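Structure first, commentary second.
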Amino acid sequence: MPDDTFSLILFSGTDDKLHAGAVMAVGAAAMGRPVNIFLQYWALDAFRDDRVHKDHGVAPEAGDDGARAVIDQQATTHWIELFEQAKDIGEVTINACAESMELLGITPEDLHPAVDGVWGVARFFMEAGDGATFI
Amino acid sequence: MATTEITRSIDARGMACPGPLMALIGAIRTGQVGDVYEVLSSDEGSKTDIPAWVAKAQHELLEVVPEDGFARFVIRKVR
C-alpha cells in the first residue's frame, strides 16, 4: 500500500504562512491522509503557548492591505484552531524539531498542547514517506 | 424540487475555506446514518471541496444548487 502521509515542515513564523500550512493540514486530514507536521525555527517559536495568539506579522510581499486581511482572518479563525480541527478530524501529529528547541531555548513545557512531542530530524523522516512540503 | 427532508441546515455563508467543509464534517460526525444535511456556502473552494470530501468519505451528494452569491449542497450520511 502506498504511503499517502502528507509531511509538512513549518519553518516560517508569520501568521499568513502558519495559516496556509494549517489549511493544507486540515485539507489533507479531511481527505483521510495521515499528516506529519514538523516545527522548526520561527514556526516553532510561534507555537510557544504564551505566544500563539500574538501578532506574528506577515510575509514581506503582503503589503498593508494584505497584512490587514490576515489580521482580520486571524480574528475570525486563528491558525491554531485549524491545527486543532485537523487533529480532531484526522490522524495528525505535530512535533517540534529538537535542534530548533535547543537553538531557541525552548522546553517542552513552553509549547502549546497541540504539539505532541520533540523529534530529531531522522525521526521525522522515518514517518515522512515519499516527500515533504516546506513552508 | 425539494423531495428530501433536511435533517439539519448549516448556514456557512461568509465562512472562509475550509470553514464550510469543517462545519459539514462536524455535523456528519455527530449525526445518524440516513440524516440529510444542507450546507449553504459562499466560499468558492466549497464547490470542489465538498463534493471531493463527500466522495472520499463515502457519503452521498444529493444536490448542488447554485444560488445568488452562494451554493447549496445537500448531502446524505451513508455510514
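Since every read-out is calculated from the coordinates, none of them should be taken as a lab result. In this text the structure is predicted, and so the values were computed from the model without any measurement. Note that we place each Cβ from the backbone using ideal geometry, even for glycine, and neighbour counts take in every protein chain shown.
Assorted remarks:
- In the stretch B:55-69, the residues that are within 14 Å of another protein chain (Cβ to nearest Cβ) reach residues that are in a strand (DSSP E or B) and surrounded by 15 or more Cβ atoms within 10 Å (Cβ to Cβ) with C-beta atoms within less than 6 angstrom, at least six apart or across chains, in these pairs: B:His59/B:Ile75.
- Filter result (of a type outside the set (S, T, N, Q) and exposed (fewer than 15 other Cβ atoms within 10 Å of the Cβ)) within the stretch A:105-115: A:Gly105, A:Pro108, A:Glu109, A:Pro113
- Residues (in a loop (DSSP other than H, G, I, E, B) and over 19 Å from B:Glu5 (Cα atoms)) located in the stretch B:24-59: B:Ser42, B:Asp43, B:Glu44, B:Gly45, B:Ala57, B:Gln58
- Among helices (runs of 4 or more DSSP H) entirely within the stretch A:1-77, having at least 1 residues that are touching a residue at least 60 places away in the same chain (Cβ under 8 Å) and touching a helix residue (DSSP H, G or I) at 6+ places or on another chain (Cβ under 7 Å) singles out A:15-30, A:41-46.
- Residues of the stretch B:37-56 satisfying the condition of being surrounded by 18 or more Cβ atoms within 10 Å (Cβ to Cβ) and hydrophobic (A, V, I, L, M, F, W, C): B:Val39, B:Leu40, B:Ile50, B:Trp53, B:Val54
- Sole residue being within 26 Å of A:Phe6 (Cα to Cα) and surrounded by fewer than 19 Cβ atoms within 10 Å (Cβ to Cβ), chosen from A:Gln73, A:Gln85: A:Gln73
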